[in-house]
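The values are calculated or read from the model by the stated rules, or taken from the named source; none is laboratory data. If you're wondering where the values come from, they're calculated on a predicted model, not measured in any experiment. FYI the Cβ positions are ideal-geometry reconstructions off the backbone, even for glycines, and counts take in every protein chain you see.
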Amino acid sequence: MTQAANQLTPAPAPAPAPVIIDVVDGPLPGASALAPVENAGALVCFEGIVRPLEDGRRIAALDYEAYQPMAGAQLRRLAERVLHRHGLLAVRVEHSRGRVPAGACSFRLRIASRHRPEALRAAEEFIDTMKRDVPIWKTAVFAE
Amino acid sequence: MQVTVKLFGPAAQRAGSREVRVTLDGERPTCQDLRAALARAAPALGDVLPVSRFAVNQEFAGDDDPLRTGDEVALIAMVSGG
């Protein structure tokens with residue numbers, strides 16, 4: 001290839017990061033469209049919603065507390081682990097901190113993969129491990 | 001050596017405090033020594049400590065890991081993200 005041809009060829013767009021972690025204040029906003037992931041045949045999205053009832057008591061909100069930056073670092077480490085173990089294409093994690101009212105979204109996991117089974121397995125593994133290893137706590141704010 | 005342990009969530013509620021300061025004896029105290037000292041300093045955490053881990057400088061630490069002056073130490077107990 002000549003030097004002139006090199007200059008005329010547009011540089012390829014940078015690939016989106018395969019792992020994105022966000023720990024944000026308050027309830028999560030509505031899910032934005034995930035950037036197209038090349039070769040993806042499956043997109044699994046799990047949203048955790050604050051339940052309005054817990055053990056028969058009405059809940060107004062949950063207060064989330066995160067030990068940062070360790071919580072974000074643990075989420076990233078876990079996302080990268082499931083990304084590689086299951087051969088995924090992309091993982092995006094959003095988690096709330098602070099107060100999230102009942103009915104609102106406090107956690108969102110999106111996984112893109114070539115096929116469905118690995119995305120579903122990875123989602124289950126991610127959530128189970130998060131609930132054991134990521135320093136985030138929730139406290140119920142009861143309505144009455 | 002004095003160590004201040006950060007507390008979160010249910011552990012903070014039980015202890016009634018966001019942190020507990022303990023004194024560790026010996027030249028090279030470990031997280032195991034800290035667990036014992038914390039049980040004495042905050043008896044309300046007695047049933048929590050056996051199923052808790054420590055984070056030292058933002059990383060999980062094992063019972064045999066040493067503690068040094070100035071380390072940031074947190075009790076990671078009963079996490080409940082999601």
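A few notes on this one:
- First in region A:81-109 and farther than 15 Å from A:LYS138 by Cβ and in contact (Cβ under 8 Å) with a residue 60 or more places away in the chain, second anywhere and assigned to a loop (DSSP other than H, G, I, E, B) and among the small types (Gly, Ala, Ser), Cβ under 7 Å, 6 or more apart: A:LEU89/A:ALA40; A:ARG108/A:ALA31
- Taking region A:42-70 as the range and being exposed (fewer than 14 other Cβ atoms within 10 Å of the Cβ), within 21 Å of A:ASP133 (Cα to Cα) and small (Gly, Ala, Ser) as the test, no residue passes.
Rundown of residues vs (1) of a type in the set (D, E, K, R); (2) buried (at least 18 other Cβ atoms within 10 Å of the Cβ), yes/no style:
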position	(1), (2)
B:GLN32	no, no
B:LEU38	no, yes
B:ALA42	no, yes
B:PHE54	no, yes
B:ASN57	no, no
B:PHE60	no, no
B:ASP63	yes, no
B:GLY70	no, no
B:ALA77	no, yes
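- Taking chain B as the region of interest, the strands (runs of 3 or more DSSP E) fully inside it that hold 1 or more residues being among the β-branched types (Val, Ile, Thr) and within 14 Å of chain A (Cβ to nearest Cβ) are B:2-6, B:53-56, B:73-76.
- With respect to being under 30 Å from B:LEU75 (Cα atoms) and surrounded by 15 or more Cβ atoms within 10 Å (Cβ to Cβ), A:ARG76 fits the description.
- Some residue of region A:78-89 being part of a strand (DSSP E or B), at pLDDT 95 or above and in contact with a strand residue (DSSP E or B) (Cβ under 6 Å, 6 or more places away or on another chain): no
- Enumeration of residues in region A:118-141 that are crowded, with 17+ Cβ neighbours inside 10 Å, of a type in the set (D, E, K, R) and within 7 Å of another protein chain (Cβ to nearest Cβ): A:LYS138
- Checking B:ALA15 against (1) within 21 Å of A:ASP133 (Cβ to Cβ); (2) touching a residue at least 12 places away in the same chain (Cβ under 8 Å); (3) surrounded by 15 or more Cβ atoms within 10 Å (Cβ to Cβ), the condition it does not meet: (1)
- Filtered residue count, region A:106-117, keeping only those that are touching a strand residue (DSSP E or B) at 6+ places or on another chain (Cβ under 8 Å) and either away from chain B (no Cβ under 14 Å) or assigned to a helix (DSSP H, G or I) (or both): 7
- Count of residues meeting criterion [more than 29 Å from B:GLN58 (Cα to Cα) and outside any strand (DSSP E or B)] in region A:118-144: 5
- Residue count for region A:47-73 satisfying the condition of being under 21 Å from A:LEU109 (Cβ atoms), assigned to a loop (DSSP other than H, G, I, E, B), more than 8 Å from chain B (Cβ to nearest Cβ) and not charged (D, E, K, R): 2.
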